[in-house]
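Structure, as structure tokens:
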Amino acid sequence: MQSLSAPAHRQNVPWQGLLLAVSILTFWNSLTTAKVTIVSVPPEVTPGENVTLVVQNLPRNVIGYTWYKGYGPARKQKIAYYDTNRKVMTPGPAFTGRETVYPNGSMLFQKVTVEYTGNYTVFVIKRRLRYEVAIGQLHVYWKPVSKPSIRVTDNT
Ligand SMILES: *[C@@H]1O[C@H](CO)[C@@H](O)[C@H](O)[C@H]1NC(C)=O
Ligand SMILES: *[C@@H]1O[C@H](CO)[C@@H](O)[C@H](O)[C@H]1NC(C)=O
Ligand SMILES: *[C@@H]1O[C@H](CO)[C@@H](O)[C@H](O)[C@H]1NC(C)=O
């Protein structure tokens, strides 16, 4: 009995030291590691225009990107996989021919239509089976044309 509890007691100090080290490391990581995000450039477009979903805060050691239409990954919604070593884009089932993925992960849409509005998900794939995910939105719509104000002013 005594021999069982004694080692556990002795492990107290190393454990606390380890926990402290872990919490410092986590804190340090949260300071230095910015999350991958997606921004639309420009933020909104009208049909027929080009728009790019730009991937920001890329981590190091990226080996590829997988883009999906929609919120999260669905096999049928895969637009393309981009291999950063081979610099080759492999289209998926949701590829429409208007998308181009660049080496930095950003995806250009040429001559978008209203149907391109929606969520897009990117998996930034790193070495050792690690990845980061970001979701962004595309806004394509006809901007209301400001009508020339023809107003009869009968209050004069
Ligand atoms: C859209 O992008 C393509 C390819 O980069 C370019 O040739 C075309 O001129 C662009 N169109 C507009 C409206 O910017
Ligand atoms: C990625 O590359 C594209 C095309 O060269 C460029 O328009 C975009 O600004 C780049 N994005 C970043 C975050 O550097
Ligand atoms: C994007 O996904 C969110 C969460 O599922 C949803 O609430 C939102 O309506 C979607 N936006 C568009 C433009 O589809």
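For the stretch 49-76, filtered to residues that are open to solvent by 30 Å² or more (accessible area, probe 1.4 Å) and within 16 Å of ligand 3 (Cβ to nearest atom), the residue that is nearest to Lys143 (Cα to Cα) is Lys69.
Across the stretch 114-148, which residue is farthest from Gly70 (Cα to Cα) among those that are among the hydrophobic types (A, V, I, L, M, F, W, C) and at pLDDT below 95? In this case the residue turns out to be Val145. Annotation note: Cβ proximity below 6 Å between a residue of the stretch 41-67 that is free of Cβ contacts under 8 Å to residues at least 60 places away in the same chain and closer than 20 Å to Thr90 by Cβ and a residue that is in a strand (DSSP E or B) and within 12 Å of ligand 2 (Cβ to nearest atom) (sequence gap 6+ or interchain) occurs for Thr52/Val41; Thr52/Leu108; Trp67/Met107.
Just give me the residues in the stretch 42-63 being within 16 Å of ligand 2 (Cβ to nearest atom) and on the phi > 0 side of the Ramachandran plot, in sequence order. The one that is within 16 Å of ligand 2 (Cβ to nearest atom) and on the phi > 0 side of the Ramachandran plot: Asn57.
Restricting to the stretch 93-128, name every residue that is within 16 Å of ligand 1 (Cβ to nearest atom), open to solvent by less than 30 Å² (accessible area, probe 1.4 Å) and part of a loop (DSSP other than H, G, I, E, B).
The answer is Ser106, Val112.
The values are calculated or read from the model by the stated rules, or taken from the named source; none is laboratory data. Since the structure is predicted, the reported quantities are computational estimates derived from the model, not experimental observations. Because the Cβ atoms are built from the backbone with ideal geometry, glycine has one as well, and the counts that use them run over all protein chains shown. Note: areas computed on protein heavy atoms with side chains; ligands, DNA, RNA excluded. Shrake-Rupley method; radii C 1.70, N 1.55, O 1.52, S 1.80 Å.
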